[in-house]
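Only one structure is covered here, and it is reproduced in the block below.
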Amino acid sequence: MHRVYRSLRLQTVLAVCCSAAVLAVVLLLAGVTMSLLESDLRANAEAAQGALVEATAADIDEKIDQRRRLITTAAQSLRVDPGDANALQAHFDSRPVLRSFFDVMLVLDARGRVVFSAPGGGGRVGRSLADRAHVQRVLATGETVISEPLAGRTTHEPTIVFAAPLRDEAGRVQGVLTGALLLTRANFLGSLATHRIGRHGYFYIATKGERPVLAVHPQQERIMEPVPDAKLNPHLRRALDGFEGTVEGTNSRGLQALYTFRSLTSVPWVLAGAYPSAEAFAPMERRRKEVTVAAFLIAGLAGGVIVVLCTGLMRPLRELRERMVEATAGGEGAGLVTVRGGARDIADIVRAYNALMRHKADAEQALHARERQLRAITDNLPVLISYIDRDRVFRFVNATYAAWFRKPVGEIVDRPVQVLVGTQLAAQREPLFVQAMAGERVEFAHELTLPDGVRQVQGTYIPDLGEDGQVRGIHVLIGDVTEAKANEQRLVQLARHDALTGLPNRRHFEEGLQDAMARARRSGRPLALMLLDVDHFKQINDTRGHAAGDAVLKAFAQRLRSSVRVTDLVARLAGDEFTIVLEGLVWPQEARIVAQKIIDAMTAPVELPDGPVSLSTSIGIAAYQGEDVSPAELLHRADGLLYEAKRAGRGTFQL
């Protein structure tokens, strides 16, 4: 019994040790792989969310600046006595587009009393708003002001107010024009709360200052709520102090998420995007659980197989021992002559031989187990893994090949590469294969046409060197980078605007002009291309400095934008050269009206810290009515007309 007990204990030890080793190897490989995948997923998620929040912040800044300019221009054009209610009604009835940009518009007299409201009703007319901070600032400074979030006197709804001074003919402030955005309504700020990042992510906006509050939030009851302190929401507090970027953390309500912060340039606000970590990394968590379960199943299976194998391997040794005991005890009856003279030596040889055979069987089984483990790992990785010999024949492929190409693994292995990928792609990759067979590691990227569509892939050829130093074949790793390429293209799209003025740049303009000319040909309606520059801009730069020149360019761009329709393309080509594409004209001469409007808009001096700068522009206008000319030729025509305008004395235009 003692010998049998020790044999059984050996079986148990081998099973436990081998199972533990299998589990450790599988978990180690799976852990390394999952760590790399998690790092890539996190980086991609942060990059995608950063690009989304950056684009959203730029859009909000553009719309706020647009409304700031609009309320200022509207106030400048309002030449009606604030006490004449009928004239005010007629003025605003004739400007429905202006009213569409705001939820409520009010006209206040010099004492801050409401004399007109659009829409009417609600008891606004006659109410005094003189105690409002934004009204006091406009009346005191004569500048356009955007208020902090406040509660409306009539609606009691959270509100943002754009306020601009109304001036009489002598330039004195005689009242205030305000446009209000109600933060719970379907305007561009209110609707931001309904936008989603993924399924459950969201955007919100917080104001800066001594008492920051939430200006926009998907939970309407939280609008106007003070921002939590640094202990409850340290990341938001950092953003209010100037931090921009993406962090993972927990907010004051206990939500673990990726938080991306961008400061708005138009107002002292911070835009934040929150993407719950549970949603962002859900696919990785599922794969982690699946790999862990698979590792334990493989280890358990390996342990069971090893127990069975050890039992079988021990049986011949026990039988050999029994026969040796019988030969030793049986004397002549056993018929073992050779044992009789040297039974111990023969037994030692048999034991050594059996031990060698057992070691060999164990090694083969361990090899097969490792092969199964590696097969299980490679089959569950979302990349193509294969081995190609010198004859360009697949000798190994993982299960991902079957999933991508919709073919069983058996129809791929032992067949030439060109049978799977096609003759054309195989020929394209042949130089890379030759390079890898020469002993070099080769990386490549290309499009791969599959049954479910085209994927962008990135791959690596790794030479397989034999003991003699010769390359026997190559290991192939190919990953799907379609989504990463798409993200990269989206980022490239963001680099299509001029950094100084915020206008579309030359690249954007060239694409837009080509599209506009195509639309003009299809519709039969003419367009006009304006080429403008700032008169005497070099003199401004030389005498007032580049900072002044930049300020003049920004003011010039703002006046251009406010002088044309929202649908018209205004772009900065380079230096002080700007272009405007006017589409949908009834007849080309309409461009004269717009050109004169632009020239008039430039007459007001640009106020700089060291004094005002006079501003004027010269304009060359090239009309296009569907004739066979290229965008470059049309631009060249406008350039010639611009120089004719300059020769005519500047501050004019030529059509």
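The values are calculated or read from the model by the stated rules, or taken from the named source; none is laboratory data. None of these values were measured; they are calculated from a predicted model. Backbone-built Cβ (ideal geometry, glycine too); neighbour counts: all protein chains shown. Heavy atoms of the whole protein, side chains included, go into the accessibility calculation; ligands, DNA and RNA do not. Shrake-Rupley method; radii C 1.70, N 1.55, O 1.52, S 1.80 Å.
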Worksheet item: Hey, any hits in segment 380-396 for a residue that's assigned to a helix (DSSP H, G or I) and touching a helix residue (DSSP H, G or I) at 6+ places or on another chain (Cβ under 9 Å)?
Response: yes
Practice prompt. Would you please name the residue that is most open to solvent (accessible area, probe 1.4 Å), looking only at residues in segment 259-300 that are aromatic (Phe, Trp, Tyr) and touching a residue at least 60 places away in the same chain (Cβ under 8 Å)?
Written response: Phe296
Worksheet entry | Residues of segment 107-153 satisfying the condition of being in contact with a His (Cβ under 9 Å, 6 or more places away or on another chain) and not in a strand (DSSP E or B) | Ser147, Glu148
Worksheet item: If you check Glu510 against the conditions, is it assigned to a helix (DSSP H, G or I), farther than 30 Å from Tyr401 by Cα and within 31 Å of the chain's Cα centre (by Cα)?
Response: yes
Worksheet item: Taking only pairs six or more apart or across chains, which ones have beta-carbon atoms under 7 Å, a first residue in segment 623-650 that is touching a residue at least 40 places away in the same chain (Cβ under 8 Å) and within 18 Å of Glu510 (Cβ to Cβ), and a second residue that is part of a helix (DSSP H, G or I) and open to solvent by 40 Å² or more (accessible area, probe 1.4 Å)?
Response: Pro631/Glu510; Pro631/Gln514
Worksheet entry | All positions within segment 458-469 that are within 17 Å of Val442 (Cα to Cα) and of a type outside the set (Asp, Glu) | Gln458, Gly459, Thr460, Tyr461, Ile462, Pro463, Leu465
Practice prompt. Please enumerate the residues belonging to segment 235-254 that are in a loop (DSSP other than H, G, I, E, B), under 17 Å from Leu271 (Cβ atoms) and not hydrophobic (A, V, I, L, M, F, W, C).
Written response: Asp241, Gly242, Glu244, Asn251
Worksheet item: Out of curiosity, is Val125 more than 15 Å from Arg68 (Cα to Cα), in contact with an Asp or Glu (Cβ under 6 Å, 6 or more places away or on another chain) and either open to solvent by less than 40 Å² (accessible area, probe 1.4 Å) or of a type outside the set (Gly, Ala, Ser) (or both)?
Response: no
Worksheet item: Can you find a residue in segment 56-72 that is outside any helix (DSSP H, G or I) and crowded, with 20+ Cβ neighbours inside 10 Å?
Response: no
Item to complete: Might you let me know whether segment 37-46 holds any residue that is over 29 Å from the mean Cα position of the chain (by Cα), at negative phi and open to solvent by 60 Å² or more (accessible area, probe 1.4 Å)?
Response: no
Worksheet item: Is one or more of the residues making up segment 377-390 under 27 Å from Gly31 (Cα atoms), among the small types (Gly, Ala, Ser) and modelled with pLDDT of 85 or more?
Response: yes
Worksheet item: Counting only residues that are basic (Lys, Arg) and more than 20 Å from Ala645 (Cα to Cα), which one in segment 515-558 is surrounded by the fewest Cβ atoms within 10 Å (Cβ to Cβ)?
Response: Arg522
Worksheet item: Do you know which residues across segment 605-622 are farther than 26 Å from Gly512 by Cβ and in contact (Cβ under 8 Å) with a residue 40 or more places away in the chain?
Response: Val606, Leu608, Asp610, Val613, Ser616
Fill in: Exclusive hit being open to solvent by 80 Å² or more (accessible area, probe 1.4 Å) and of a type in the set (Gly, Ala, Ser), set Ser630, Ser618, Ser614
Ser614
Worksheet entry | Matching residues in segment 397-415 - criterion: being open to solvent by less than 60 Å² (accessible area, probe 1.4 Å), more than 24 Å from Gly31 (Cα to Cα) and not in a helix (DSSP H, G or I) | Ile412, Val413
Practice prompt. Specify which of the listed residues (Arg172, Arg199, Arg153) is within 30 Å of Asp84 (Cβ to Cβ), of a type outside the set (Asp, Glu), in contact (Cβ under 8 Å) with a residue 24 or more places away in the chain and open to solvent by 60 Å² or more (accessible area, probe 1.4 Å).
Written response: Arg153
Discussion item. For the condition of a type outside the set (S, T, N, Q), open to solvent by less than 10 Å² (accessible area, probe 1.4 Å) and either part of a loop (DSSP other than H, G, I, E, B) or at pLDDT 90 or above (or both), what is the one hit in Leu192, Leu177?
Written reply: Leu177
Item to complete: Take Thr159 and decide whether it is among the hydroxyl-bearing types (Ser, Thr, Tyr) and either open to solvent by 20 Å² or more (accessible area, probe 1.4 Å) or part of a loop (DSSP other than H, G, I, E, B) (or both).
Response: no
